[in-house]
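Notes to accompany the following structure.
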Amino acid sequence: MQVIFVGGASGVGASCLAIQLADQWIVVDAGVRLDHKNDPLPDLALLEYKDVRAIFVTHAHADHIGALPLLHQAFPTVPIFASRGTALLMEVMLADALKVMTKRAVEEMELPLYPEALVTGMLAQVRPLPIGEPFTLPVLPGIMIHASRAGHIAGAVSLGFVAPDGSLVVSGDISITPQRTVLGAVPPPVDRCDLLVLESTYGARLHPNRQGEEQRLAQAVADGIAKGGHVLVPAFGLGRGQELLLVLQAAQEKGQIPDFPLYVDGLVRRVCDTYLLLPEALSPRLQRQIRKGYLPFSGPNVTFVRDERDRERILAGPPACIVSSSGMLTGGPSAWYAARLVSQDNASILITGYQDEESPGRRLLDVAEQKRDTLEIGGQQLQVHCNVAKYSLSAHADGAELAGYAAALHPRRVALVHGDDEARAGLRTLLTEVDVLLPRDGMTLEKEEKRARRSARATSAPSAQVLDSLPTGIGGGVPFDYQHVEQLWRAVRQVPTLRIVTARELALVWYGRVTEETTRIILDTFAQDYEQRYFIQQHALEEAYRVRGQYEETPGDFLSDLVGSVLLLLISPESTKPVLCRAIEPGASVRVQLPRGISQERTRFPFFAIFEILGPAPQDVQHSYQKAPAYLSDLVKTARRIRRTLSAHSLAQECQEDAMYTLSDLCAFAGISPYSLEERLALAKLVHQHPRLFTQQRSIFDGEGLALYSLSPDWREALEEPEEQERPDQNWILSVIEQYLGTPSDLYRRSIDPDTGDVTLAFHFPEVAHVRYTEAIAAAAEETGVSITLAPYVHQGALAEAARRALPQGLTALGSPSIHHDQSLIQFTCAGEASDEEVAEAQSQFNAATGWQLQIARKKSPGSPPEPHQPRATPKAGRVSQHEAMHCAQRLLSPLPGYVKVSMDVMNATLLPRFHFPEVARTRYEELFTQLEEQTGWSVRLQPTVHHQALIEMAYRLLPEGLSCIDTPSLYQDEQRVHVSCSGKADAEAVQEASRRFLEETGWYLDLVV
Ligand SMILES: [Zn+2]
Ligand SMILES: [Zn+2]
């Protein structure tokens, strides 16, 4: 065994370690130095002529990966092993590094370390590294590899290598105390290793209590805001930034500090997005939150900053906290903010992490310690007036923790790296029972051979497994095409630990080589893959796809894509509506906007209410809260039109039993476009409305955004039955009508045809209503797509009542009015006196209110009884069955006051309703009887007998106060008169009023004899 400390031995930066085991070379990490005074690179020349078989990466910080593209250039075919989290984060970090280098090349004439193509090529060589299980690799025969969690940041690992000629552990950067984003480190299980290469960043320090430090920081931010200034917290983009966001949000949630805006800028923001893709690398609490669809980094007070315009707005706005990279103010938005804030008295800059000797961050701390009073940022000398303080929220273990980590492994020797002289010397004093080395860069360490035999046993451990690598060049030279997606997916699935693949990896699998062109073909083909049945485009990461069907599928992964999409939502068990998803909310729910015309009271629905994802809404709709409801209701209308052209039966006949289809497959069967929202909506509703034909086998949650349908078990029987027409949504139609018309008191009935959805509105006075509501009704009809008509008949009770109220003061109506429909005329016989002007005025008012004419006959005798009801409409040729006629009659008549029952004269096809007071019912409900005749084709004839008991009860009820009945009332059938003998006293007016009301309610006369 041989170890070369290629870089990063005596300081933080450019970490790189080369290991020879079992006659093969392995390289662990290849980072850069970020301070500008030294050579930024490890001395890769030390690796020249070495047979490097594999490269391992501990984590994605720049001091461990920044030189990887150059290492890859030297060893272009060598695979690079990294945990999934590290692999994803590397893409983000290197893309950022490229951006920074390009900027420096322009501004400072500094040559970039490497071109973009080299990064692309390097990333294509990245292979997954399993954590927790020991494994072997075909490229490294004879070596057992252990990767275990290192804490520090997401995806970070420590590595153990065991071979016949020696064993060693590389700690990488580690933290022991659990952080908010990650748990603490677990050493790889390689007991009594020959060598432990241990980081020592804070080897000479003891960290203060973390919780206390978090509280102190949160309080300092709150104090800075209270002073009326902005608070800048520069943070490393990867790790610290996420921790700070969680610390500050938690303090706000607990009420320890007040609510204030938190802005997140620079690399911090992009890394937050990436963290959401790798829940398995995070603390259990975050894992749970992300898998439930909650976005822990973007709570209610958090805003992600996009560009410099945003930045200027923030500084011009009210006090706020800004968490931004870079952490040492060497560049990035934090330097931009700092340059503007340092000279402000009420601003604060709070430093939270490691600062290089020459970094602006360190110099700012010197100012705070009154070692100086000006600061240079971006070439400007600035007077420092703002508040500066330092807080220790380290992602590195302190001296005691590092010593404990070492003790747990019982190594023969420990080499301390990744720390300055002071740190390494401090840690050395804590490691008492072991041989401690303080290597310099470029130093080689060789182990004597005598221990080889002991280590040999370890490699044959039974739990060893071979890690597959991705196949390459499976396309055999055929250009990649949409039809090959499934084949590609099958190849990728051979590596079960691979959940995320990049376009570059896929290009390698298909073409066997990665070029800009092959990658572009993969990207273009996948861009057309609307349903993403095999690979799911990653929301937060460009050019990356998640592999469907791999282990550990979690519903959380596709949730962020729902925002801005049109969903088909079950707003009740029967009713589905297209909605626009606005947000994912805690408690596994979505916040949505509904189509116009649907009650907007409820806008939050549980995930399981989502029936299908239709697709992304147009950009302008996504960006406008106002446009969405109208857009959705237009969508409903268009989809309804399309749906009328579709047949569920024909669609079912296109499907095969036991096959599963996506919505797009079904669209294609039905001959409509799978890419049009309207057509997808039409088809999804058709499927939902025919549960006996189609079943949703896999919901969008089981399928991570992809629902699958199949034929229902009894689809054959369902096909035997005639195809049902689409059932209109009655509640929705009525709610749209209410939205346009309100609830006018003269609208007494809304009838809706359950088959067509057509609506008939019955107003007391249709002529008047017609004028008043024409526009509103037209609008409601337009929106619902059904016909809305007015029942043509006046409400006789309301008409008589209105006429009575219109009568001039001096006149009293005698008996019931006669109503002449053909002339729209109501006639009252009245007693009393009124001038012709009064009568004319009453008539004109009545006409305006009802559209009818009022005629007043002045007589002393009671009016003649109204004409018996005559069927006006010719019964329809199609007469309904006896049963149906009866049912219809009961439905229409039973709610009416005074209704007793209905019998029938089947021979004459006549319905015989019975009422307490047939005289009155005949007049009052005439319109309903006509309607009943029209609907059934049966004649309606009222049974003429009055209900005696009801008559007597009415007489009792109307007895004026002061009178009591002394005998059973007598009925005189011929005269339609009830005679009641009373005792007591009542004035004449009350007696007259009682008679009038009795006549009105029963059609009979009442004699009260005192
Ligand atoms: Zn690190
Ligand atoms: Zn490091």
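The values are calculated or read from the model by the stated rules, or taken from the named source; none is laboratory data. No experiment lies behind these values; they were computed from the predicted model shown. Note: ideal-geometry Cβ built from the backbone for every residue, glycine included; neighbour counts use all protein chains shown. Remember, those area values only see protein heavy atoms, side chains included, never the ligands or the DNA or RNA. Shrake-Rupley method; radii C 1.70, N 1.55, O 1.52, S 1.80 Å.
Below is a table of values for the structure above.
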| item | result |
| --- | --- |
| Region 817-843: number of residues that are in a helix (DSSP H, G or I), open to solvent by 70 Å² or more (accessible area, probe 1.4 Å) and more than 18 Å from HIS795 (Cα to Cα) | 4 |
| Spans of strands (runs of 3 or more DSSP E) in region 900-979 with at least 1 residues over 60 Å from the mean Cα position of the chain (by Cα), hydrophobic (A, V, I, L, M, F, W, C) and crowded, with 16+ Cβ neighbours inside 10 Å | 963-965, 970-972 |
| ALA204 being within 20 Å of LEU430 (Cα to Cα), within 16 Å of ligand 1 (Cβ to nearest atom), among the small types (Gly, Ala, Ser) and open to solvent by 10 Å² or more (accessible area, probe 1.4 Å) | no |
| Residues being part of a loop (DSSP other than H, G, I, E, B) and acidic (Asp, Glu) - total across region 109-140 | 2 |
| Number of positions in region 56-80 that are within 16 Å of ligand 2 (Cβ to nearest atom), open to solvent by 20 Å² or more (accessible area, probe 1.4 Å) and in a loop (DSSP other than H, G, I, E, B) | 1 |
| Given (1) of a type in the set (D, E, K, R); (2) open to solvent by less than 30 Å² (accessible area, probe 1.4 Å); (3) at pLDDT below 80, index of the condition ASP746 fails | (3) |
| All strands (runs of 3 or more DSSP E) inside region 648-759 with 3 or more residues being within 27 Å of ALA779 (Cα to Cα) | 747-752 |
| Lone qualifier among ARG53, ARG33, ARG84 - being of a type in the set (D, E, K, R), in contact with an Asp or Glu (Cβ under 8 Å, 6 or more places away or on another chain) and more than 21 Å from GLN355 (Cα to Cα) | ARG84 |
| Some residue of region 579-590 being in a helix (DSSP H, G or I) and either in contact with a His (Cβ under 7 Å, 6 or more places away or on another chain) or not charged (D, E, K, R) (or both) | no |
| Per-region count, region 163-189, residues open to solvent by less than 10 Å² (accessible area, probe 1.4 Å), more than 16 Å from ligand 2 (Cβ to nearest atom) and among the β-branched types (Val, Ile, Thr) | 2 |
| Matching residues, region 404-424, being open to solvent by less than 10 Å² (accessible area, probe 1.4 Å) and outside any helix (DSSP H, G or I) | VAL414, ALA415, LEU416, HIS418, GLY419 |
| Selection from region 17-55 of residues that are on the phi < 0 side of the Ramachandran plot, surrounded by 24 or more Cβ atoms within 10 Å (Cβ to Cβ) and within 16 Å of ligand 1 (Cβ to nearest atom) | LEU17, VAL28, ALA30, GLY31, VAL32, PRO42 |
| Conditions (1) surrounded by fewer than 18 Cβ atoms within 10 Å (Cβ to Cβ); (2) at pLDDT 95 or above: number failed by GLU253 | (2) |
| Counted residues, region 385-403 - those being touching a helix residue (DSSP H, G or I) at 6+ places or on another chain (Cβ under 9 Å) and either away from ligand 1 (no atom under 15 Å from the Cβ) or not in a loop (DSSP other than H, G, I, E, B) (or both) | 11 |
| Long-range neighbours under 6 Å by Cβ, at least six apart or interchain, first residue outside any loop (DSSP other than H, G, I, E, B) within region 163-174, second within 16 Å of ligand 1 (Cβ to nearest atom) and aliphatic (A, V, I, L, M) | VAL170/VAL28; VAL170/LEU159; VAL170/VAL197 |
| Search result, residues across region 148-180 that are of a type in the set (Gly, Ala, Ser) and touching a Pro at 6+ places or on another chain (Cβ under 7 Å) | SER148, SER158, GLY160 |
| Cross-chain or 6+ apart pairs with Cβ under 9 Å, region 872-897 first and within 16 Å of LEU942 (Cα to Cα) and charged (D, E, K, R), then surrounded by 13 or more Cβ atoms within 10 Å (Cβ to Cβ) and at pLDDT below 85 | ARG872/HIS821 |
| Hits in region 459-488 - residues which are at pLDDT 85 or above, open to solvent by less than 30 Å² (accessible area, probe 1.4 Å) and within 35 Å of the chain's Cα centre (by Cα) | PHE480, HIS484, VAL485, LEU488 |
| Residue within region 305-315 that is of a type in the set (A, V, I, L, M) and assigned to a helix (DSSP H, G or I) present | yes |
| LEU71 being more than 16 Å from ligand 1 (Cβ to nearest atom) and either touching a strand residue (DSSP E or B) at 6+ places or on another chain (Cβ under 8 Å) or at pLDDT below 90 (or both) | yes |
| Condition met for THR502 (under 24 Å from LEU708 (Cα atoms), open to solvent by less than 60 Å² (accessible area, probe 1.4 Å), in contact with an Asp or Glu (Cβ under 9 Å, 6 or more places away or on another chain) and at pLDDT below 80) | no |
| LEU98 within 26 Å of ARG240 (Cα to Cα), at pLDDT 90 or above and either out of contact with any strand residue (DSSP E or B) (no Cβ under 7 Å at 6 or more places or on another chain) or within 15 Å of ligand 1 (Cβ to nearest atom) (or both) | yes |
| Residue in region 592-608 that is within 16 Å of the chain's Cα centre (by Cα) and closer than 21 Å to TYR675 by Cβ present | no |
| Residue tally, condition open to solvent by 30 Å² or more (accessible area, probe 1.4 Å), closer than 21 Å to GLU585 by Cβ and either among the charged types (D, E, K, R) or in a helix (DSSP H, G or I) (or both), over region 597-644 | 5 |
